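No value in this document is a laboratory result; all are computed from the given coordinates. Please read all numbers here as calculations on a predicted model, not as lab measurements. Every residue, glycine as well, gets a Cβ built from its backbone with ideal geometry; the counts of neighbours run over all protein chains shown.
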Amino acid sequence: MIQSPTITTDRLILRKPAARDVDTVVAFFLSERAAHVGGPYTEGKAWRQFAAEVGHWDLLGFGMWAVTTKESDQIIGLIGPWCPIDWPETEIGWLMFEGSEGKGYAFEAAQAAVNHAFTELGWDTAVSYIAEENTRSIALAERLGAVYDPNAQQPKPDQPCLIYRHPCPAPQTETSK
């Protein structure tokens with residue numbers, strides 16, 4: 001099994017999803033909150049979606065992290081690099097669960113994920129695929145500095161979405177570290 005990195009930010013811990021997260025993640029995929037990512041799903045499909053999140057790590061060596069606060073190991077969202085075999089580009093994705101909005105957690109975790117993708121994974125580009133009606137996700141992408149890219153290839157041409165391209169962080173010099 002591939003060793004997965006854990007990232008700690010000021011308030012959060014980003015760790016590989018684990019079996020203890022299954023009930024919370026499945027509940028998200030069963031809910032209306034999953035509407036922007038193809039849901040709500042049936043129970044079986046929701047469970048398989050969680051299994052895909054965990055398996056992504058084992059197959060590719062990276063994936064979306066389970067986001068928790070430093071005060072609790074209870075998962076509040078999934079954020080991070082995502083690149084299924086049929087995706088045209090490398091993506092930074094995010095799913096925040098009920099009760100976690102409005103606290104800046106998504107921004108803090110997504111910022112860490114973008115930085116990790118460019119610096120540790122060596123990505124030279126990253127996008128976020130966002131449902132057109134998902135205004136909160138669009139606002140997060142823009143706050144992260146991502147720019148709408150109308151020329152990017154759609155991941156699911158039969159279900160078009162907005163594609164936001166994340167800027168590659170400027171290399172740090174000794175004086176800017």
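Provide the net charge surrounding Ala126, with neighbours chosen by a C-beta distance below 12 Å and charges set as Lys +1, Arg +1, Asp -1, Glu -1. Value of the local net charge: -3. Magnitude of the charge dipole for region 7-165, about its Cα centre and with charges confined to Cβ atoms of Lys, Arg (+1) and Asp, Glu (-1), is about 220 debye. Charges were assigned to the Cβ only: +1 to each Lys and Arg, -1 to each Asp and Glu. The resulting dipole of region 1-45 about its Cα centre is roughly 160 debye. Shape of region 75-137 from the C-alpha gyration tensor: oblate (a/c of 1.5 or more and a/b not above b/c, with a ≥ b ≥ c the square roots of its eigenvalues).
Using 0.36 nm per residue and subtracting the Cα-Cα separation, the extra length available between Asn151 and Gln74 on full extension is 23.9 nm. Put in line by how crowded their Cβ is, counting other Cβ atoms within 10 Å and starting with the fewest, Tyr129, Tyr148 read Tyr148, Tyr129. Dividing the helix sum by the residues of the chain, where each DSSP H run of 4 or more adds -39500 (n - 2.57), gives a mean residue ellipticity at 222 nm of -9000 deg cm²/dmol. In sequence order, region 29-41 has phi-based couplings of 5, 7, 8, 4, 4, 7, 4, 7, 10, x, x, x, 9 Hz under the Karplus curve 6.51 cos²θ - 1.76 cosθ + 1.60, θ = phi - 60°, and Gly or Pro positions carry x. Taking the square roots of 5 times each eigenvalue of the Cα gyration tensor of region 7-165, largest first, gives ellipsoid semi-axes of 21, 19, 16 Å.
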